[in-house]
Structure formats: structure tokens, C-alpha cells
Amino acid sequence: MTDAVTPRLREMRWWDIDPVLELEKELFPEDTWSRGMFWSELAHARGAEATRRYVVAETGDRIVGYAGLAASGDLADVQTIAVARDHWGTGLGGRLLAELLRAATAFECGEVMLECRIDNIRAQKLYERFGFEAIGFRRGYYQPGNVDALVMRLTDPSTSVQGTEIHG
């Protein structure tokens, strides 16, 4: 765990991609997103036609977490949530998820889906606390490790929103 400084949440911008990639490589070495994947997601995160919401959590000038959501019609999909290991157990993952659920509500999505590594019990427990339910599996979803994904769904994200306000 880290000191008592509460990370600040804000919109992810292009200049955050490199520090986010560093954290991504540390936390997800087998299935790291590429720089291009983040650029593509952020390209759809601003303006009147935005369909994405990406946020970072920072303490000082260090990014200690990030999360992203994609919306399409009345369905949203949690694309990613990551928290630096020294911030595990601080509630930051819940704050990031709450921000994504607020975004899903703002996008007028009635349902939120996600995939979670079958071996990531910590994340599954977080999602369950917010009302997500397991609805199936995707075999070999995470490559190249060939790890299965648990598919989870939340109906009516507006009833699960909690946490703190976002800045910027």
C-alpha cells in the first residue's frame, strides 16, 4: 500500500499514453495493449460523437491507475481497468469502476458488459460488489497465454454508481 494521498481522477489524454503503457506492461505482461490501441480508443473519447470514456488516476505526476469504457447504442463495455500494485486495497479500483458506470449512464446505456481473466479473483470480487453477474466464458480470450475470460454483465448501471467526482 501507499501513503494517504488520494489519487485524483481525470480524463485520459494522449500525453498519458506512455506512462499508461508502462503500467500496462507491468500489470499485464502477457496481453499488453499497444500504443495504437490506446490512440484508437482516445480518438473516440472527445466531442459530440464520443463513444469512449477513459480516465487516469494520478498522485502528483505519477499515473497509478486507468480505466476505459466503450459505448454502442444501449450497451457499454468496460475495456480496461488497472491499478498500480502499491495502490491495491485502497479503493481506487472501485473509484475507477464507478466513474465508468457514471459514463455508461451518461451514454444512456442500460447494460454494461466486461471480460475478466478467469484467474483474476480480485477483479471479479470488485465487479460483483458493483452488481455484475457472471453470464458465461470466452475460451482462450487472453492471448498469447490462452487464458479464459469470465463474461460479466450489469443491468442498469445508474443504480450501481458510487464513489467520487472526476476532475478535468
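A few remarks follow.
- Qualifying residue in region 9-21 (condition: in contact with a Phe, Trp or Tyr (Cβ under 9 Å, 6 or more places away or on another chain) and within 19 Å of Met152 (Cβ to Cβ)): no
- Among residues of region 117-144 that are without any contact (Cβ under 8 Å) to a residue 12 or more places away in the chain, those with a beta-carbon under 7 Å from a residue that is surrounded by fewer than 16 Cβ atoms within 10 Å (Cβ to Cβ) and polar (S, T, N, Q) at least six positions away or on a different chain give the pairs Gly140/Asn146.
- Val161 at pLDDT below 95, open to solvent by less than 40 Å² (accessible area, probe 1.4 Å) and in contact with a Lys or Arg (Cβ under 7 Å, 6 or more places away or on another chain): no
- Filtering region 70-80 to residues that are touching a residue at least 40 places away in the same chain (Cβ under 8 Å) and either farther than 20 Å from Arg129 by Cα or crowded, with 23+ Cβ neighbours inside 10 Å (or both) leaves only Ala76.
- Test: residue in region 148-158 that is crowded, with 21+ Cβ neighbours inside 10 Å, in contact with a Gly (Cβ under 9 Å, 6 or more places away or on another chain) and not in a strand (DSSP E or B): yes
- Residues of region 108-143 satisfying the condition of being surrounded by fewer than 16 Cβ atoms within 10 Å (Cβ to Cβ), among the aliphatic types (A, V, I, L, M) and assigned to a helix (DSSP H, G or I): Ile121
- Within the option set Thr80, Thr32, Thr90, Thr105, being polar (S, T, N, Q), assigned to a loop (DSSP other than H, G, I, E, B) and under 26 Å from Thr159 (Cβ atoms) holds for one residue only, Thr90.
- Residue within region 59-66 that is modelled with pLDDT of 95 or more, surrounded by fewer than 23 Cβ atoms within 10 Å (Cβ to Cβ), in contact with a Phe, Trp or Tyr (Cβ under 9 Å, 6 or more places away or on another chain) and not hydrophobic (A, V, I, L, M, F, W, C) present: no
- Every pair of residues 6+ apart whose Cβ atoms lie under 8 Å, when the first sits in region 90-113 and is over 18 Å from Arg52 (Cβ atoms) while the second is among the small types (Gly, Ala, Ser) and buried (at least 24 other Cβ atoms within 10 Å of the Cβ): Leu92/Ala57; Leu92/Gly65; Gly93/Gly65; Arg95/Ala57
The values are calculated or read from the model by the stated rules, or taken from the named source; none is laboratory data. Just so we're clear, the structure is a prediction, and the values are computed from it rather than from any experiment. Don't worry about glycine lacking a Cβ; one is built from the backbone with ideal geometry, like all the others, and counts go over all protein chains shown. Each accessible area value is taken on the protein alone, full model and side chains, heavy atoms only, with ligands, DNA and RNA left out. Shrake-Rupley method; radii C 1.70, N 1.55, O 1.52, S 1.80 Å.
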